[in-house]
Amino acid sequence: MIKKITLIVIVFMVPVFGFGQTMTPPPAGPPPPPGLPIDNLIGMLFLISLGLIYGSKKILKDSSS
């Protein structure tokens, strides 16, 4: 009877101790590159429209002189 209980304890406790050990977390990734993050269509359209407005103002200003 004692051998059965000891065997059951060993069979169930060894995996628990094995899986219970802590794992070290992976190292942190590199930081994002500097600059303006553009990750959607609205942001891209906004930047393109600003460029068109700035460019047209500059062309109109240069052509008037």
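What follows is calculated from the coordinates using simple rules that are stated; it is not laboratory data. Remember, predicted model here, so these are calculated numbers, not experimental data.
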Expressed in nm to one decimal, what extension gain is obtained for the pair LEU52 and ILE10 from 0.36 nm per residue of sequence separation less their Cα-Cα distance? 7.7 nm
Relative to the chain, whose Cα atoms define the longest principal axis, helix 2-19 and its Cα axis are tilted in degrees, nearest 10, by 10 degrees
Over the chain, with a single point scatterer placed on each C-alpha, what log10 of the ratio I(q)/I(0) does the Debye formula yield at q = 0.17 1/Å? -0.84
Which of PRO27, PRO37, PRO15 moves most in a GNM of the chain, Cα contacts under 10 Å? PRO15
Karplus (6.51, -1.76, 1.60) ³J(HN,Hα), θ = phi - 60°, over the range 49-55, in Hz, Gly and Pro reported as x: 5, 4, x, 5, 5, 5, x
